[in-house]
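Structure, as structure tokens:
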Amino acid sequence: MQAPANTAVQANTPAAPTVYGVIFAISFCHLLNDMMQSLLPAIYPGLKSDFQLDFGQIGLITLTYQITASILQPLIGLYADRRPTPLALPGGTLFSLAGLLVLSQAHAYPVLLGGAALLGMGSSVFHPESSRVARMASGGKHGLAQSLFQVGGNAGQALGPLAAAVVVVRWGQSSLGFFALLALLSCAILWNVSQWYRHHGLPRLKASHAAHAHSAPPARDATRGILVLLALIFSKYVYLSSLTSYFTFYLIHKFSVSVETAQLHLFVFLGAVAVGTILGGPVGDRIGRKRVIWFSILGTLPFTLLLPHASLFWTAPLTIAIGLILASAFPAIVVFAQELVPGKVGMISGLFFGFSFGMGGIGAAVLGELADHYGIEAVYQLCAFLPLIGLLAAFLPNPKK
């Protein structure tokens, strides 16, 4: 829907408000979406025993889910930049609903892979479009809006293992069908968001693009910056994959804890990730996103080096510190990239969300093979050095104010 020209001008003025109602709505839907998605790795211990899977097959499930999302997200984002489709938001949730229903009834390994692929398709539609809505509603507070949007996803990822420990471990794989009902709630909320998107969000986004076009760096600097940011995403998400996919196995193997206790440790780590995400965006708005990126990636290094040698008592504090510091990077990285390439919010959001999914999937598959051949503890000894990639942040350009 085209808005009058004066509407776009008004949206570009400092008086354009931050629409917190829309941001909180998509953040809550992000919580529901990622809670449904995180049920998959949360039930891995049960699937491993029920289907007699090895770590390589577990990694392949994650790879199927993550690659499906990573390939489609930038394509959907690019299409939406050219032809915005507000109704894609509620429509995409139906893929997640179908994925959980398939997983709840799966009795063969190929069917598990099919359910994982459907979950990935749901995320591929939700993330780039919702990230676009966060920027539309930000009122200039891009880092804050991105953090609030993303923390919903982090909270959902933290609730997934808790829900699995309370519900799925007790009632089994078929109880995943209950969580599929959450997709219907998300669909209803996103229907209302799509109406705001159509009538108010698009004029605001066009005005924002016009305002920031003059501050974009030269194409060569922008390309270098995007490549550096993708390398940092690789470091962050391969390490996160080691924890989200295999941390429960690591705790059970090394400390002989129960499945429920291991799930609670994973819940605590993911909760720390959620808190770190809240901090990263607004701090980047105030002190500069490049500084946040520097601290977030390199700052985790002492803790990742200590983790493989820590006792059970110190494992929880170390993983909390890792989650808090590492998670602060992603909101800053996404907004930094959006500012490097003005006018391509959907494509950039899809590229970075998709790449993070893909790196998580590839990391899970590779780390699963390493765990099968060298043991689960070797995985964390190797991954401890990944934050050193954060040194590449020195090559990021300095965007104009």
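The values are calculated or read from the model by the stated rules, or taken from the named source; none is laboratory data. Worth saying up front: this structure is predicted, and the values here are computed from it rather than measured. All Cβ positions, glycine included, derive from the backbone under ideal geometry; neighbour counts span all protein chains shown. Areas reflect the complete protein model, heavy atoms only, side chains present, ligands, DNA and RNA absent. Shrake-Rupley method; radii C 1.70, N 1.55, O 1.52, S 1.80 Å.
Among the residues examined, THR261 qualifies as over 30 Å from LYS206 (Cβ atoms), without any contact (Cβ under 8 Å) to a residue 12 or more places away in the chain and either part of a helix (DSSP H, G or I) or open to solvent by 60 Å² or more (accessible area, probe 1.4 Å) (or both).
Let's see how each residue does on (1) modelled with pLDDT under 50; (2) open to solvent by less than 60 Å² (accessible area, probe 1.4 Å); (3) of a type outside the set (Asp, Glu):
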position: ALA5; (1), (2), (3): yes, no, yes
position: THR13; (1), (2), (3): yes, yes, yes
position: GLY21; (1), (2), (3): no, yes, yes
position: ILE26; (1), (2), (3): no, yes, yes
position: LEU31; (1), (2), (3): no, yes, yes
position: MET35; (1), (2), (3): no, yes, yes
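Elements of the type helices (runs of 4 or more DSSP H) sitting completely within the range 8-119 and holding at least 3 residues that are touching a Gly at 6+ places or on another chain (Cβ under 7 Å): these cover 20-42, 55-82, 88-105.
Scanning the range 363-384 for residues that are among the aromatic types (Phe, Trp, Tyr) and in contact (Cβ under 8 Å) with a residue 40 or more places away in the chain gives a single hit, TYR380.
Exactly one residue out of GLN105, GLN73 is touching a helix residue (DSSP H, G or I) at 6+ places or on another chain (Cβ under 9 Å), among the polar types (S, T, N, Q) and surrounded by fewer than 17 Cβ atoms within 10 Å (Cβ to Cβ), and it is GLN105. Are any residues in the range 147-184 small (Gly, Ala, Ser) and open to solvent by less than 10 Å² (accessible area, probe 1.4 Å), and if so, which ones? Those that are small (Gly, Ala, Ser) and open to solvent by less than 10 Å² (accessible area, probe 1.4 Å): SER147, GLY152, GLY153, GLY156, ALA158, GLY160, ALA164, ALA180, ALA183. Pairs meeting the criteria (first residue in the range 130-146 and surrounded by fewer than 23 Cβ atoms within 10 Å (Cβ to Cβ), second residue in a loop (DSSP other than H, G, I, E, B), beta carbons under 8 Å, at least 6 apart or on different chains) are GLY139/ALA16; GLY139/PRO17; GLY139/THR18; GLY139/VAL19; GLY140/PRO14; GLY140/ALA16; GLY140/THR18; LYS141/THR18. Pick from PHE313, PHE303, PHE295: which is modelled with pLDDT of 90 or more and within 16 Å of PHE385 (Cα to Cα)? One residue alone meets the criteria, PHE303. Of the residues ALA207, ALA222, the single one that is modelled with pLDDT under 85, under 29 Å from ALA137 (Cβ atoms) and either open to solvent by less than 40 Å² (accessible area, probe 1.4 Å) or touching a helix residue (DSSP H, G or I) at 6+ places or on another chain (Cβ under 7 Å) (or both) is ALA207.
The requirement of being open to solvent by less than 20 Å² (accessible area, probe 1.4 Å) and farther than 23 Å from ALA42 by Cβ is satisfied by ILE293.
Looking across the range 354-384, the residues that are under 26 Å from LEU78 (Cβ atoms) and open to solvent by 10 Å² or more (accessible area, probe 1.4 Å) come down to PHE355, PHE357, MET359, ILE362. Taking the criterion of being within 21 Å of PHE353 (Cβ to Cβ) and either touching a residue at least 24 places away in the same chain (Cβ under 8 Å) or in contact with a helix residue (DSSP H, G or I) (Cβ under 9 Å, 6 or more places away or on another chain) (or both), would at least one residue in the range 245-258 satisfy it? Yes: one or more hits. Screening the candidates PHE126, PHE149, PHE179 for the property of being over 22 Å from THR85 (Cα atoms) and assigned to a helix (DSSP H, G or I) yields one hit, PHE179. Going by the conditions given, is VAL345 out of contact with any Ser or Thr (no Cβ under 6 Å at 6 or more places or on another chain), farther than 27 Å from PRO45 by Cβ and crowded, with 24+ Cβ neighbours inside 10 Å? Yes, satisfied.
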